[in-house]
Structures are given as structure tokens and as C-alpha cells.
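This report concerns only the one structure given below.
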Amino acid sequence: MMNRRTTLKLAAFAVATLLAGTAVASAEEVLRRGNGAEPETIDPHKSTGVTENVIENDLFEGLVTLAADGKQIPGVAKSWDISDDGTVYTFHLRDDAKWSNGEAVTSADFLYSFRRAVDPKTASDYAPILSPIKNADDIIAGKITDLAQLGVAAPDAQTVVITLNAPTPYLLGLLTHNIAMPVHKATVEKFGDQWTRPGNMVSNGAFMLSDWVPQSQLTVVKNPNFHDAANVKLDKIIYYPTEDIAEELKRYRAGELDITYEVPSDQVKWLEANMKDEFQNKPYLGTYYYVINLTRETLGKAQQIRKALALGVDREILTDKITQAGELPAYSWVPPNIPGYQQQFLDFKGEAKAQRLAEAKKLLADAGYGPDHPLKIQLLYNTSDNHKKIAVAIASMWKPLGVELELVNQEWKVYLETRDKKDFDIARAAWIGDYADPINFLDMFKSDAGARNDAGYNNPKFDELLKTAGATVDPKKRLEILAQAEKVFLDDYAMIPVYHYVSHHMLSPKLVGWEFNILDIHPGRFLSLKS
């Protein structure tokens, strides 16, 4: 028998342990994440930017989703079958998929959501990437008005069948994109454009919307109804809009952020030397470019002027002296590191710089422009110190050729609206791959790609090559045809590739679960913080 003193000591220890456990259990695990510009929208069928996609990857889950390493894994679909001819995908939904309000996620939700995504009334910029699905193109174009004709069926509550026009080897990657995420029909219909507001939104991802203060922060909290909630360690994620990159770095160094969206280019060398364990600099599937508005009279009709502008950009100077983060000077549109694909290049790649400049001056002179009669054009860019530095540098490169460049800065939402309306001469732009296939870069410049075709590019030969590639079953031959299409596109100089991206973030030493992947997608469900 224990004596009384021992019993009291054990009881006190048990109480202390219980209280300590309660304190640990009640301590919230909160991730604070810098997230670029203020989100335009978090409606997955209407958003266009990376900043929105970061949040949507935490709020929603499609049939297929991405693991921490960027590989495709089952999402709401626990498994799928592919027909022998590669044109029919049958997805089997998991039994425990639920919306944040506790309702079951069913095939009807995906049927509604795919139809909404392609419905012209939704006006989704991304709808054209669903063109491999039967009748999607004709519905988007308004040629078919019956949404039921879309090649998506729900034979029962747990099955989604997608019928394609032709074999589409990248379909599973496409289905990880926000355009293929489900939305809650009753919520959308009840609240209309306000369905994405706190208190209204119903979602099916690992987190659910808690609070949104524009230009300040957006907060999501763990969704207890998520099918893998038991393995989600974070209780809350706070995303901070951070257009001022220098200020973002200051906040990180002050301990106010765990992840930065990016870092100031002029701080990269210092960070590599002094904070290398926290600075991540990795390849990224994206291209930074200047898009040329082909609907404008001067630039649209004069390929030689567009080529002269491309010749006048010293990409090596920009990446060595301005961006300084390991970016690769870009002479192609499709970035490197896509398996099996042979990049195509601008025809002056490899020429000496003096030769390029001489050709640029001659092309402009032949068009009637030079230092004594300058070509006066505007450059649109969204708020960012890095974008401004690049724009100033390119303006100085073009000036000796006889180009006067007026810089026009707009905040993100206004910039997107201006670009969509094609109210610009030249605009800074970027395209980040949604999946590792060249079609994801090329199809945005199809003549019928809508607002995604920010150049207003229209070349029937290019369109025909993409159509042929889409009907080509042999993977090697398909990539060869896509390479031909890229070369046609580059030779038209509808845009000026500047550099291929690397991702660069500051990552807290406390952060666990962040794995490199070329898409630079890092869902919160796989992240946690060490105490």
C-alpha cells in the first residue's frame, strides 16, 4: 500500500500533467504566409493568379489533387479507370468526402461545377483548358447552349465519368487545377457573387474560410469535415497580401511571417550569404514575359517592330544584375524541364549582342523609327519593386534604339482588368505551369482562348497544329507537333520572353513538410510548425 504523501504527490503530478496537456492541446498551430497581391477572387472558376490558387488549394479539393512533392494523388476520387482508347475516365468517389457544412460531396457536385466552369455566363478565363472534354469548346463559344451536352456524367452518386474528344495524357494534371475544383451549388445560388465571403462560403478542402479583411489578411481554419482532417496539423493559416516585397522580408525577419511569397531581387546575394538555411531558390515551371497587344495598330501589324523590341532586351544583364536569383534567360516560351519536350527558341538565340542591336536598329529604321523619330509606347505592369526594376532596365535598353517607353503602374486587380480589356501597348505578364505539359503554355494563345490570350494572337497555322496535336495518340509525335507550334508562335513575336522562373522564398526554420516541386505548390494540409 502507498503511503499518503506518495499518493498526494502522484495526484498532483497527474493534475499537472493533465493541465499541461490541456495547454498544449489548446495552443493553436498558426501558419503565417506572405501571399503576393490581394486576391482578385477565391472563386476557383473565376480566379486567374497564383496568389488566388495558393488559397484555393487549401479551401477546395478536386477529383485529383497534389501531394507535398507535387505528384498527383487521389483527391475526392479514391480511384479511377481509363478506357483502352484513353478517351473515357471513370472516377470513383470516396465515401467520406464532405463539404465544410457536413454534407456529402457527390458526383452531382462535380457535374454542376464542370458545367458552371464552361458556362459562358460564368465568364471563366480558364474555361478553355477544359477543351479536351467533349463539347467543352462549343459550349464555351456559345455554339451549344445545353450544358448537359458537356462530356461529364454522373451515373450514380459516387461516380463521375469524363468523356474526351481524344486521348489526353495530361488530363489528371489538368484536374488538379482550380478550374476543376467543385463548388457548393446551394451556396453559389443563394449568395451569388457574395458566396466567397466569410460566413457564406462552403468548401470541401482541408481548410475553410474564417475571415477576410481586404488588403490586410485572409484567414482559413482547419475543416473538421475534411476526409483527412486527422492528419492536418495546422489549425489556422493567415495569408497576408504583400505587394511590397521589401516590407515582406522585414516582416519575415521580425518573426511576423513563416513563409514569404518571394524576396527582393537586390537582397538575394545577401540572403544567400547570410540566411542560406532559410532561403530557398529552386527551378519553377514558369516564364516571365512582356506581352504585345496585337490588336493595336502599330505593334499589331508590324512583326519587324516586335522583333526589334525582342532583340533589344538583354536577358543576361537582367538576370545577372537585376533579378539575381538564378533565373534562366528566356529565348523560348515553354520553359525547360518538361519531360520529353524539345524547347524551341527565338531565331536570334546565340547571336552576339552587337549583332542583335544592329539588327534591331535596322528593323526599327526600316519601319520609320529611330532616336530622332522615336517609337512611343506604354508598358503596363502591376505593383512590385521587382517588376519596376525590370521595366526601368528594359526602357533604358530600348531608348538607344529609338523607343520611348512610358511606364504605367497599376495595383493587381486594376492591372488584370486593364490587361483583360487589352487597354495597353505592352504589358508585363507571367505564366506559371499548372501541370508539366507544353500544351498548358501553348493553348492560352489559341485564337479562341478568350482573355487568357492576352496578346490577341490569331494564327490559323498555330491553331491547326494544336488541334492536330490534340488528336495525336502517339506521345512522342504529339510533342513534336507541339514543338512546331511553339516555333510558329515565337516567329510571330506576339510576346517577348524575358526569363524562366525560379521560386524563391524565405522559410522559417520551424516549418515542416515543405517539399520542393517544380510547380511550387505547397498545400497547407502537409505543413506544420515545430514548437
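The values are calculated or read from the model by the stated rules, or taken from the named source; none is laboratory data. Worth saying up front: this structure is predicted, and the values here are computed from it rather than measured. Cβ atoms come from the backbone with ideal geometry, glycine included; neighbour counts cover every protein chain shown. All accessible areas refer to the heavy atoms of the entire protein, side chains included, with ligands and DNA or RNA removed. Shrake-Rupley method; radii C 1.70, N 1.55, O 1.52, S 1.80 Å.
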Query raised in the report: Are any residues in the stretch 383-399 of a type outside the set (Phe, Trp, Tyr) and in contact with a Leu (Cβ under 8 Å, 6 or more places away or on another chain), and if so, which ones?
Result: Lys388, Ile390, Ala391, Val392, Ala393, Ile394, Ala395, Lys399
Report summary line: Exactly one of Lys477, Lys487 is more than 30 Å from Glu272 (Cβ to Cβ) and without any contact (Cβ under 8 Å) to a residue 24 or more places away in the chain, and that residue is Lys477
Report task. Considering (1) under 30 Å from Val263 (Cβ atoms); (2) touching a Phe, Trp or Tyr at 6+ places or on another chain (Cβ under 8 Å), say which one Leu511 fails and leave the rest. Result -> (2)
Report summary line: When the stretch 92-118 is checked residue by residue, the ones that are open to solvent by 30 Å² or more (accessible area, probe 1.4 Å) and in contact with a helix residue (DSSP H, G or I) (Cβ under 6 Å, 6 or more places away or on another chain) are Tyr112, Arg115
Query raised in the report: Only one of (1) charged (D, E, K, R); (2) open to solvent by 50 Å² or more (accessible area, probe 1.4 Å); (3) within 18 Å of Ala77 (Cα to Cα) fails for Lys222. Which number is that?
Result: (3)
Query raised in the report: Of all residues in the stretch 366-407, which are over 20 Å from Leu318 (Cα atoms) and free of Cβ contacts under 8 Å to residues at least 12 places away in the same chain?
Result: Gly368
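Each row is one residue, and each column tells you yes or no for (1) assigned to a loop (DSSP other than H, G, I, E, B); (2) open to solvent by less than 30 Å² (accessible area, probe 1.4 Å); (3) modelled with pLDDT of 95 or more.
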| position | (1), (2), (3) |
| --- | --- |
| Gly62 | yes, yes, yes |
| Gly86 | yes, yes, no |
| Thr90 | no, no, yes |
| Thr122 | yes, yes, yes |
| Ile129 | no, yes, no |
Query raised in the report: Restricted to the stretch 225-257, and to residues that are of a type in the set (Asp, Glu) and either surrounded by fewer than 17 Cβ atoms within 10 Å (Cβ to Cβ) or modelled with pLDDT under 95 (or both), which residue is farthest from Val202 (Cα to Cα)?
Result: Glu247
Query raised in the report: Checking Lys269 against (1) under 30 Å from Ser216 (Cβ atoms); (2) surrounded by fewer than 18 Cβ atoms within 10 Å (Cβ to Cβ); (3) of a type outside the set (S, T, N, Q), which single condition isn't satisfied?
Result: (1)
Query raised in the report: Can you find even one residue in the stretch 266-288 that is under 30 Å from Ile481 (Cα atoms), modelled with pLDDT under 95 and touching a helix residue (DSSP H, G or I) at 6+ places or on another chain (Cβ under 8 Å)?
Result: no
Requested in this report: Among the candidates Lys349, Lys399, single out the residue that is under 30 Å from Asp443 (Cβ atoms), open to solvent by 50 Å² or more (accessible area, probe 1.4 Å), of a type in the set (Lys, Arg) and over 26 Å from the mean Cα position of the chain (by Cα).
Outcome: Lys349
